[in-house]
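Student: Please read through the structure below; I'll follow up with questions.
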Amino acid sequence: MEQAGGIAAGKERAGTAVRIGSIDLMRGIVMIVMAIDHVRDFWDPTPYDPADLSKASAALFLTRWITHFCAPTFMFLAGTSAWLWARNTGAGRGQLQRFLVSRGLWLVFLELTLITFSWRFDFNGLILQVIWALGWCMVILAGLLWLPRRAIAALGLLLVFGHNAFDGVHFKDFAAHGEGWGWLWSALHEFHLGQFGSFQVALGYPLVPWCGVMALGYCFGELLEQPAAVRDRWMRILGAAAIVLFLALRLSNLYGESQLWQPNPRGPLYSALGVLNVTKYPPSLLYLLMTLGPVLLLLPWLEQRRGAWVKPVSVFGRVPFFFYVLHLPLIHLGATIAAEIAYGVKAGPAFLVNSLPPGYEPSLLRLYLVWAIVILLLYPACKWYAGYKSRHKNYWWLSYL
């Protein structure tokens, strides 16, 4: 009999563990791509938003756009990993719930401490982004496991498809009744950067849509247990449907995106790029369709890859959080040293920098060169840790890093 949350009698099934190589490979790709955006934040800030198609070049816009795939993919696959963890360990619902709550709260703690410090190099504020959202979404998913799997899927779809109905509600509408209410609304649905008491706080990943993404990723885990031909066919159908729906809604400006599409006076190229210019904070329905659709199409193709590049890229996908914890201070420290030498100023993330030093010029060549160096420097550590985890699977604490 199926238990609430869709975890069947795992003890009886755990003898044949499910390992989908394309998941590690996809996670590795998105972690590597994610580093592009964080290098840009510290090493190549621009005096305008790289998504502003009235000012940004096509190359800069696409450098920013390609990184949009990272957060949705990682959040979705985190839900999938929860399903597979229970499947492969034989954990029942209660065990999975305890794991999700403990790991989720651990991630929130690290975001409030180590990761915020890695962004700022001080304790004068908080930067609450993807790890914050990932942690709370795990806690919420643990609660959702009391529901039948179909109810979890339905709620996930409701959150992903329905949250844009509240785009007209903003921080100030709640803050008028007390600033705490405004911050609560931002935590749920709206990006906000401001002062909370004496702290500068950046709330970048509102929880409502991201909880929906993780819930759908969890339910997606059952599909991965199907025979390869069946799961690949359904992934292609779902991926293609998401892309078609994205294009239909985007070009019609009907629903699901606060930034309406219109022809760009800079010409056809920038008009076409404008189709891709959708909202990440919070992730609009069209943002999620645009990113998760291609990911679903790509997973069956990745499962068949056997080239020399597959194993090293998969290394990053096997230890994604370890990579995340290491790459931020490395990027920030390098930028701090370079900025001090070149301009005599302190480096910081672009969204907290008020002005750029005289003589500074953005350079995509510098960005990509530093990005390649970061990946090469971190590969040996990630390879070692991936091997250590595989050799010590009985060490429970390794599941938390």
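Student: When you go through LEU245, LEU193, LEU188, LEU184 one by one, which is the residue that is within 20 Å of the chain's Cα centre (by Cα) and in a helix (DSSP H, G or I)?
Tutor: Among LEU245, LEU193, LEU188, LEU184, only LEU188 is within 20 Å of the chain's Cα centre (by Cα) and in a helix (DSSP H, G or I).
Student: Right, another one. I'd like the residue in the range 355-401 that is hydroxyl-bearing (Ser, Thr, Tyr) and either in a helix (DSSP H, G or I) or touching a residue at least 24 places away in the same chain (Cβ under 8 Å) (or both) and, out of all such residues, is surrounded by the fewest Cβ atoms within 10 Å (Cβ to Cβ).
Tutor: Here the residue is SER390.
Student: Filter the range 248-273 down to residues that are in a loop (DSSP other than H, G, I, E, B) and of a type in the set (Phe, Trp, Tyr), then give me how many there are.
Tutor: Qualifying residue count, the range 248-273: 2.
Student: Scan the range 273-294 and report the pairs whose first residue is among the acidic types (Asp, Glu) and whose second residue is assigned to a helix (DSSP H, G or I) and surrounded by 18 or more Cβ atoms within 10 Å (Cβ to Cβ), with Cβ atoms within less than 9 Å and a gap of 6+ or a chain change.
Tutor: Once the first residue is among the acidic types (Asp, Glu) and sits in the range 273-294, no partner that is assigned to a helix (DSSP H, G or I) and surrounded by 18 or more Cβ atoms within 10 Å (Cβ to Cβ) comes close enough.
Student: Is it the case that some residue within the range 223-231 is hydrophobic (A, V, I, L, M, F, W, C), under 26 Å from GLY256 (Cα atoms), assigned to a helix (DSSP H, G or I) and without any contact (Cβ under 8 Å) to a residue 24 or more places away in the chain?
Tutor: Checked the range 223-231: no residue is hydrophobic (A, V, I, L, M, F, W, C), under 26 Å from GLY256 (Cα atoms), assigned to a helix (DSSP H, G or I) and without any contact (Cβ under 8 Å) to a residue 24 or more places away in the chain.
Student: Taking the condition of being within 18 Å of THR67 (Cβ to Cβ) and in contact with a Lys or Arg (Cβ under 6 Å, 6 or more places away or on another chain), how many residues in the range 341-390 meet it?
Tutor: The total comes to 1.
Student: Report yes if some residue within the range 319-334 is in a loop (DSSP other than H, G, I, E, B), farther than 22 Å from ARG64 by Cα and of a type outside the set (Gly, Ala, Ser); otherwise report no.
Tutor: yes
Student: Would you mind telling me which numbered condition in (1) under 14 Å from the mean Cα position of the chain (by Cα); (2) touching a residue at least 60 places away in the same chain (Cβ under 8 Å) ILE66 fails?
Tutor: All conditions are met except number (2).
Student: Kindly indicate the residue of the range 1-48 that is modelled with pLDDT of 55 or more and not in a helix (DSSP H, G or I) and also surrounded by the most Cβ atoms within 10 Å (Cβ to Cβ) among those meeting that condition.
Tutor: Looking at the filtered set, the residue picked out is ASP44.
Student: Can you confirm whether the range 119-126 contains a residue that is within 21 Å of SER198 (Cβ to Cβ) and in a helix (DSSP H, G or I)?
Tutor: yes
Student: Also, quick follow-up: For residues that are aromatic (Phe, Trp, Tyr) and either in a loop (DSSP other than H, G, I, E, B) or modelled with pLDDT under 95 (or both), tally how many sit in the range 127-154.
Tutor: 1
The values are calculated or read from the model by the stated rules, or taken from the named source; none is laboratory data. These numbers were taken from a predicted model, which means no experiment stands behind them. We place every Cβ from the backbone using ideal geometry, glycine too, and count neighbours over all the protein chains shown.
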